[in-house]
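K.L.:
Sharing a structure, written as structure tokens. Questions coming.
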Amino acid sequence: MSAPAISASHLARSFGTTHALVDVSLDVEAGTVCALLGRNGAGKTTTVRILTTLLRANAGHARVAGFDVTEQAPQVRTRIGVTGQTATMDELLTGAENLETIGRFCHLGAANSRRRAAALLEQFDLTAAARQLVKNYSGGMRRRLDLAASLIHDPEVLFLDEPTTGLDPVSRAEMWTSIRTLVAGGTTVLLTTQYLDEADRLADTIVVVDRGLVVAEGTPEQLKASIGRAFIRVTLPEADPATLEKVRRLLGEEAEVSGRSVSAPAPHGLTTLEEVVGQLREQGVTVHEVGLEHPSLDEVFSTVTDHSGHPNVPATSTAGKA
Amino acid sequence: MSEMTVHTQGQLRNGLLDAYTATRRFLIRGTRQLDVVLGSVLIPVIFVVLFGYVFGSSIRIPGGNYRSYLMPGLFAMSILFSSNNVAVAVATDMSEGVVDRFRTLPIARSAIVIGRSLSSFVLGIPVLAVMILCGLAVGWRPEDGLGNAILALLLFELFGFAIGWLGVLVGLVAGGAQAADVIISIPTFLLGFISSVFVDPALMPAWLRVIAYWNPVSAVVTAGRQLFGNTIGPAPAGVWSLDHPIATTLGLALIIIVVVAPICVRLYSHSER
Ligand SMILES: Nc1ncnc2c1ncn2[C@@H]1O[C@H](COP(=O)(O)OP(=O)(O)OP(=O)(O)O)[C@@H](O)[C@H]1O
Ligand SMILES: [Mg+2]
């Protein structure tokens with residue numbers, strides 16, 4: 001096996017008293033996509049900034065494309081492309097001028113830079129806007145230009161910090177297609193995202209970070225399987241303690257009450273559901289709803305990042321839990 | 001050994017290319033900010049009118065003509081004030097995402113700041129040209145031959161290059177465009193006015209007079225007046241910098257460049273790491 005394209009071990013970074021990263025390790029095989037998933041402030045951008053030589057880690061070390069990010073930053077820089085969370089294009093230059101400048105900084109030469117710039121503008125559907133100043137670009141156009149800029153020197157490893165945040169559904173789908181095309185061409189991609197479906201669709205491996213720690217990692221399937229049993233949920237018309245207790249005993253030892261519903265693992269799926277419905281009827285319990293629930297990546301996410309009494313991190317809408 | 005040489009040669013070549021690319025980028029930016037360019041021309045032009053005619057009519061310089069005395073002062077003043085634009089531009093750059101993009105590219109560490117300083121130098125040339133035209137229009141003339149006039153302009157440009165580096169320095173440490181503006185405006189304003197740019201310091205109160213005589217801007221202006229063969233005004237006794245204004249200007253500019261440029265490169269490559 002070849003060495004991983006990205007390999008980070010025990011990265012830590014603090015800003016004053018804020019511990020942005022406590023202990024983050026990850027490996028990304030060459031030619032694969034890894035999604036870094038986490039809530040706001042989890043430490044995704046900090047991780048990306050360390051791996052892209054923008055920020056020094058306080059502890060731990062990392063290698064990208066075979067080179068150490070602190071000791072061999074220049075070598076790393078010639079091999080990576082970076083699209084940060086915030087726009088990095090010069091507003092007073094046209095799209096073409098921006099790309100050409102970056103090509104020259106990558107030492108492609110004037111003519112070659114112009115050629116690459118034109119090709120990328122074409123690829124990202126920006127040819128019509130090539131001669132417009134970036135300050136007149138829409139958000140989606142800026143995002144695409146930023147991505148184009150990070151591809152100008154055909155990087156081995158591409159870092160994308162929230163590449164689809166702020167894009168409309170069509171642009172998002174186009175961005176996914178672009179990323180898939182790149183990966184098919186052999187590029188390694190590390191992307192961060194707050195969208196679980198994005199991670200699920202794009203990534204070969206997912207690393208879930210929370211408050212500066214890796215709390216789960218694996219393929220989307222592995223993550224789902226890790227808490228992967230189906231659940232049965234019985235919801236009552238109202239939260240009557242006596243009835244809730246009756247249902248809880250009926251559902252077995254692992255049953256949990258929350259609000260007016262009781263849930264428990266359903267190891268045999270539909271069979272369990274049928275049994276439970278039968279028993280409920282026998283005991284004369286009136287129910288509002290009974291159903292079987294399969295874990296989604298959303299639930300994996302909220303399970304691994306759920307801190308009861310966590311004060312300051314609001315759940316994202318996709319990760320919201322009843 | 002020879003491999004090592006090839007390596008450093010390649011590095012030097014890339015470094016020069018990077019500095020060129022950066023300069024080019026800032027020059028393109030400069031041409032898109034015509035309001036800034038216009039502003040840096042307009043203020044000195046207003047000074048020409050204000051001091052040449054409004055206040056100037058009541059200012060007497062012993063042994064000469066006031067406008068001949070004033071114009072070299074205004075050349076220096078316009079150069080001094082141009083540092084403001086550099087500082088604001090650098091501070092703006094540093095607070096925008098563009099810097100992050102540059103830092104992830106394989107660019108020589110010094111390229112961006114060198115590009116910034118070179119481009120501000122180039123953009124300063126038309127401003128000085130406009131000032132010269134203004135001077136000619138109000139009757140100012142170089143009175144000591146073309147050769148010395150060219151030397152005077154070169155000296156002013158060197159001074160401008162050095163001042164540009166101070167602007168870069170302020171832009172790097174200010175932490176914001178507005179802060180940079182304030183930090184650089186106050187000293188340039190004080191240095192510009194408490195000097196021999198507008199009036200003969202001999203007329204100032206004693207304590208102010210000492211500052212005005214030793215103010216390096218006075219030396220720069222005096223060097224210009226000398227080379228242009230313009231009115232210099234009565235020379236004070238025992239002020240070395242005014243007795244040797246050209247040497248002082250040269251020395252000062254070189255010291256600023258040699259000290260400040262490396263500091264800027266270091267500050268730029270170590271910021272936010
Ligand atoms: N330069 C900095 N100075 C101080 N604190 C910082 C700095 N950069 C990040 N932090 C803090 O570190 C923590 C992690 O930030 P980071 O930007 O890595 O989060 P993130 O996962 O990218 O969040 P988001 O989804 O909002 O982009 C946050 O608490 C943030 O406030
Ligand atoms: Mg972030």
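K.L.:
Which is under 16 Å from B:R225 (Cα atoms), crowded, with 16+ Cβ neighbours inside 10 Å and of a type in the set (S, T, N, Q), of B:S78, B:S83, B:S117?
P.N.:
B:S78
K.L.:
Given the conditions (1) surrounded by fewer than 19 Cβ atoms within 10 Å (Cβ to Cβ); (2) free of Cβ contacts under 8 Å to residues at least 40 places away in the same chain; (3) within 11 Å of ligand 1 (Cβ to nearest atom); (4) not β-branched (V, I, T), and given that A:Q75 satisfies all but one, which numbered condition is not satisfied?
P.N.:
So A:Q75 meets the others, but not (3).
K.L.:
In this structure, does B:V258 turn out to be surrounded by fewer than 14 Cβ atoms within 10 Å (Cβ to Cβ), more than 16 Å from ligand 2 (Cβ to nearest atom) and within 19 Å of the chain's Cα centre (by Cα)?
P.N.:
Yes: the conditions hold for B:V258.
The rows are residues; the columns are (1) away from ligand 2 (no atom under 16 Å from the Cβ); (2) at pLDDT 95 or above; (3) under 19 Å from A:L190 (Cα atoms).
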residue: A:T17; (1), (2), (3): yes, no, no
residue: A:S25; (1), (2), (3): yes, yes, yes
residue: A:T47; (1), (2), (3): no, yes, yes
residue: A:L54; (1), (2), (3): no, no, yes
residue: A:E71; (1), (2), (3): yes, no, no
residue: A:T78; (1), (2), (3): yes, no, yes
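K.L.:
Something else: Being surrounded by fewer than 19 Cβ atoms within 10 Å (Cβ to Cβ) and modelled with pLDDT of 85 or more is the filter here, so list the residues in the stretch A:216-232 that pass it.
P.N.:
Within the stretch A:216-232, A:G218, A:T219 meet the criteria.
K.L.:
Taking the residues in the stretch B:236-273 that are away from every other protein chain (no Cβ under 14 Å) and among the hydroxyl-bearing types (S, T, Y) as candidates, determine which candidate is farthest from A:T46 (Cα to Cα).
P.N.:
Of everything passing the filter in the stretch B:236-273, B:S241 is farthest from A:T46 (Cα to Cα).
K.L.:
Same structure, new question: I'm checking my understanding of the structure. Among residues of the stretch A:247-272 that are part of a helix (DSSP H, G or I) and crowded, with 16+ Cβ neighbours inside 10 Å, which one is modelled with the highest pLDDT?
P.N.:
Pass one, the stretch A:247-272, residues part of a helix (DSSP H, G or I): A:247-251, A:270-272.
Now narrow it down to the ones that are crowded, with 16+ Cβ neighbours inside 10 Å: A:247-248, A:250-251, A:272.
Details: A:V247: 81, A:R248: 84, A:L250: 81, A:L251: 78, A:T272: 78.
Applying the filter and picking the extreme gives A:R248.
K.L.:
Against the conditions (1) closer than 18 Å to A:T205 by Cβ; (2) within 14 Å of ligand 1 (Cβ to nearest atom); (3) away from every other protein chain (no Cβ under 14 Å), where does A:N40 fall short? Just the number, please.
P.N.:
Condition not satisfied by A:N40: (1).
K.L.:
Do you know which of the residues in the stretch B:74-111 that are part of a helix (DSSP H, G or I), among the small types (G, A, S) and over 30 Å from B:F198 (Cβ atoms) is farthest from the other protein chains (Cβ to nearest Cβ)?
P.N.:
Step one: list which residues in the stretch B:74-111 are part of a helix (DSSP H, G or I), which gives B:74-95, B:98-103, B:111.
Remaining after also requiring among the small types (G, A, S): B:76, B:78, B:82-83, B:87, B:89, B:91, B:95, B:111.
Those left that are additionally over 30 Å from B:F198 (Cβ atoms): B:95, B:111.
On the way: B:S95: 11, B:A111: 8 Å.
Once the filter is applied, the top-ranked residue is B:S95.
K.L.:
Continuing with this model, one more query. Name, by its number, the condition in (1) more than 27 Å from A:A203 (Cβ to Cβ); (2) within 14 Å of chain B (Cβ to nearest Cβ); (3) more than 16 Å from ligand 1 (Cβ to nearest atom); (4) not small (G, A, S) that does not hold for A:L121.
P.N.:
The one condition A:L121 does not meet is (2).
K.L.:
Now for a separate question. Would you check which residues across the stretch B:8-18 are within 11 Å of chain A (Cβ to nearest Cβ) and surrounded by 13 or more Cβ atoms within 10 Å (Cβ to Cβ) and list them?
P.N.:
Answer for the stretch B:8-18, where residues must be within 11 Å of chain A (Cβ to nearest Cβ) and surrounded by 13 or more Cβ atoms within 10 Å (Cβ to Cβ): B:N14, B:G15, B:L17, B:D18.
K.L.:
Go through (1) under 20 Å from the mean Cα position of the chain (by Cα); (2) over 25 Å from B:G97 (Cβ atoms); (3) within 15 Å of ligand 1 (Cβ to nearest atom); (4) surrounded by fewer than 17 Cβ atoms within 10 Å (Cβ to Cβ) and name the single condition A:T17 misses.
P.N.:
(1)
K.L.:
Please list, ordered by first then second residue, the pairs with beta carbon atoms under 6 Å, 6 or more apart or interchain, first in the stretch A:90-108 and in contact (Cβ under 8 Å) with a residue 40 or more places away in the chain and more than 7 Å from chain B (Cβ to nearest Cβ), second outside any loop (DSSP other than H, G, I, E, B) and basic (K, R).
P.N.:
Partner pairs satisfying both residue conditions: A:E91/A:K135; A:G103/A:R116.
The values are calculated or read from the model by the stated rules, or taken from the named source; none is laboratory data. Everything quoted here is computed from the prediction, not taken from an experiment. A quick note on method: Cβ atoms are made from the backbone with ideal geometry, for glycine too, and the neighbour counts reach across all protein chains shown.
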